[in-house]
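The values are calculated or read from the model by the stated rules, or taken from the named source; none is laboratory data. Everything numeric in this text was worked out from a predicted model, so none of it was measured. Every residue, glycine as well, gets a Cβ built from its backbone with ideal geometry; the counts of neighbours run over all protein chains shown.
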Amino acid sequence: MPSVLLDNSLWRNIYCVLAGDSSSCQLREYSSGILPGGMEWLAFLISAAIVIFLVVNVVLGGVIVLIWGERRLFGRFQSRTGPNRWGPFGTLTSVADAIKTMFKEDLVPAEADKILFNLAPILIAAPALTVFSVIPFGVGTYVADLNVGVLFIMAITSLTTLSVMTAAWSSANRIAILSALRSVALLISYEIPMALALVGVIMLAGSMSLGDIIQAQGIPFIIVQPLAFFVFFIAAMAEMARAPFDLTEAESELAAGYLNDYASMKFGLFFLAEFMAEISTAAIVTTLFLSGWKGFDPIPSHFWFGAKLILVLFVIIWFRMTLPRLRVDQVLKFAWKGLFELTMINIIVTAILIAIWPKPSATELWFMAAINWPVAIISIWAVSKLLGTAPYKQPKPDPNALSYPVATDAIPASSVLTGDSYTSTVRNGGE
């Protein structure tokens, strides 16, 4: 067993219980294991299966809880009760919906490409679930600690574009294809500022490992990098196609969007992927900007990570319920002419500050924050002015314009067409 994996408490507590006779486990004070000596390979396979099973089911359980919590919050935001029939406070509503979705009829369009049509839901759900493999949930609690964890997350999440296009194209539906093209434009536009927003974080941490980034946060990076957090959060909302960026599923224009022809559990996988993406985004924000599992003793690190995760989820839901949907041209303009420029400003300012303080201490991080906050406020204000709507000219009445009667005036006889005058007017083409 590699020592890197044994540093992971999640792996170690499972593997060494199974193969405690191995030398690496004995060095960590494990005396004996369930499996006999020489079966370390089997212990490794079983440990991997158990870890994957735990992470997948915790995420799926979190999705069910999130759906219930989001509906309850929607009810509070809209001054209504929310789900309250199935289970105490409606807690079993999500379970009832899942069962209902499973037993719905699975329809496939006659002209659909059946292989791609069935593959698309898997393509969109797998990346949202894979992201959790590199998220550290607590001290020594993760599936894998990659030295390129940030790059891995950006690469995995970009697969959403492929799955959306596959779903629309395979269904042979014009409305779905229009929605997918709009979605691809949206996703590509916001992937660039989202990735560039993390450059400042990587420069400060000196690493792309999520564990190293957490350790580098003497103070949370949301304080040191406010402009990066602003851009990343907005871009992440667009990547999730959440309001006000839910242009791909604009019900009034495109029905259900690129998943218009999906039903039963195929539709359920798309729905599941959306909420898994919400949880994974909250976990990434917690890790990169809120110092991850760091907190105060003796409260366990897992509690701090969970509390910050729930806080970010609340802000995401609040953001969705507050802002109206934007037009597609406004969304693309905001990405290319607003967020992209803000990331450039953040990178330049961060590079200058790191040139001054190459390895910043906690005190120097506070100095950086004191500089970055005015820069962020001024930059956001300047971009908002540049992207704002041009002032409308005050309309002036035309003295030569015809006057029309209002409700309190009598209609002039010349404006009333009756009898012969109506007939002659029609014959003359309405003149």
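Below, the figures for the structure above:
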{"item": "Qualifying residue in region 378-389 (condition: exposed (fewer than 11 other Cβ atoms within 10 Å of the Cβ), assigned to a loop (DSSP other than H, G, I, E, B) and modelled with pLDDT under 75)", "result": "yes"}
{"item": "Residue within region 66-76 that is under 33 Å from the mean Cα position of the chain (by Cα), surrounded by fewer than 13 Cβ atoms within 10 Å (Cβ to Cβ) and at pLDDT 85 or above present", "result": "yes"}
{"item": "Residue among Ile46, Ile34 that is at pLDDT 85 or above and either surrounded by 14 or more Cβ atoms within 10 Å (Cβ to Cβ) or not in a helix (DSSP H, G or I) (or both)", "result": "Ile46"}
{"item": "Test: residue in region 316-329 that is outside any loop (DSSP other than H, G, I, E, B) and more than 25 Å from Ala283 (Cα to Cα)", "result": "yes"}
{"item": "Residue count, region 191-205 (criterion: without any contact (Cβ under 8 Å) to a residue 24 or more places away in the chain and surrounded by fewer than 18 Cβ atoms within 10 Å (Cβ to Cβ))", "result": "0"}
{"item": "The listed residue being part of a helix (DSSP H, G or I) and over 24 Å from the mean Cα position of the chain (by Cα), out of Ile299, Ile371, Ile347", "result": "Ile371"}
{"item": "Failed condition for Gly292, given (1) part of a helix (DSSP H, G or I); (2) in contact with a Ser or Thr (Cβ under 7 Å, 6 or more places away or on another chain)", "result": "(1)"}
{"item": "Hits in region 111-166 (condition: among the hydrophobic types (A, V, I, L, M, F, W, C), within 24 Å of Phe267 (Cα to Cα), under 14 Å from the mean Cα position of the chain (by Cα) and not in a loop (DSSP other than H, G, I, E, B))", "result": "Ile124, Ala125, Ala128, Leu129, Val131, Phe132, Ile156"}
{"item": "Pairs, first farther than 9 Å from Ser47 by Cβ in region 2-19, second among the small types (Gly, Ala, Ser) and modelled with pLDDT of 75 or more, C-beta under 7 Å, six or more apart", "result": "Asp7/Gly140; Asn8/Gly140; Ser9/Gly140"}
{"item": "Odd one out for Phe340 among (1) under 30 Å from Leu187 (Cβ atoms); (2) of a type outside the set (Asp, Glu); (3) not in a helix (DSSP H, G or I)", "result": "(3)"}
{"item": "Pair list, Cβ < 8 Å and 6+ apart or interchain, from region 36-57 residues that are closer than 11 Å to Tyr15 by Cβ to residues that are among the polar types (S, T, N, Q)", "result": "Glu40/Ser22; Ala43/Ser22"}
{"item": "Some residue of region 207-222 being under 29 Å from Pro136 (Cβ atoms), in a helix (DSSP H, G or I) and aromatic (Phe, Trp, Tyr)", "result": "yes"}
{"item": "Residues (over 24 Å from the mean Cα position of the chain (by Cα) and either loosely packed, with under 12 Cβ neighbours inside 10 Å or not in a loop (DSSP other than H, G, I, E, B) (or both)) located in region 77-105", "result": "Ser79, Arg80, Arg85, Pro88, Phe89, Gly90, Ala96, Ile99, Lys100, Met102, Phe103, Glu105"}
{"item": "Pairs with Cβ under 6 Å, 6+ apart, first in region 75-89 and under 28 Å from Phe319 (Cβ atoms), second modelled with pLDDT under 85 and hydroxyl-bearing (Ser, Thr, Tyr)", "result": "Gly75/Thr81"}
